[in-house]
Amino acid sequence: MTSVTALAARPNYKWWVVAMLWLISFFNYADRQAIFSVFPLLEREMNLTPVQLGLLGSAFAWVYGLGAPFAAGVLLLTGIVFFVTHDSARMRAELSAS
């Protein structure tokens, strides 16, 4: 039995996957909310109006959204995504073979 098969054979393996996905989602949303948590400071320090804060938040959201496909492309070019998908495919193949 390989280490991948041994890990998948554990009864709580699925909960580890859920916990990992939850953490990834948490940090994904937390970094997007970081700019909005500093809005009061930006408003005071830079004397921004609510309209200017809205434009700043919109600009951040647009750059974040448009940059996500670029970041995914970089990951594909470096092979990180291939490694993850290849490893999960290998794990599924080992599970179905046993």
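Miscellaneous remarks
- Qualifying residue in region 19-39 (condition: over 19 Å from Val63 (Cα atoms), of a type in the set (A, V, I, L, M), modelled with pLDDT of 80 or more and in a loop (DSSP other than H, G, I, E, B)): no
- Pick from region 1-18, criterion part of a helix (DSSP H, G or I) and at pLDDT below 70, ranking: surrounded by the fewest Cβ atoms within 10 Å (Cβ to Cβ): Ser3
The values are calculated or read from the model by the stated rules, or taken from the named source; none is laboratory data. As the structure is a computational prediction, the values presented were derived from the model and not from experiment. Reconstructed Cβ throughout: ideal geometry from the backbone, glycine too, with neighbour counts over all protein chains shown.
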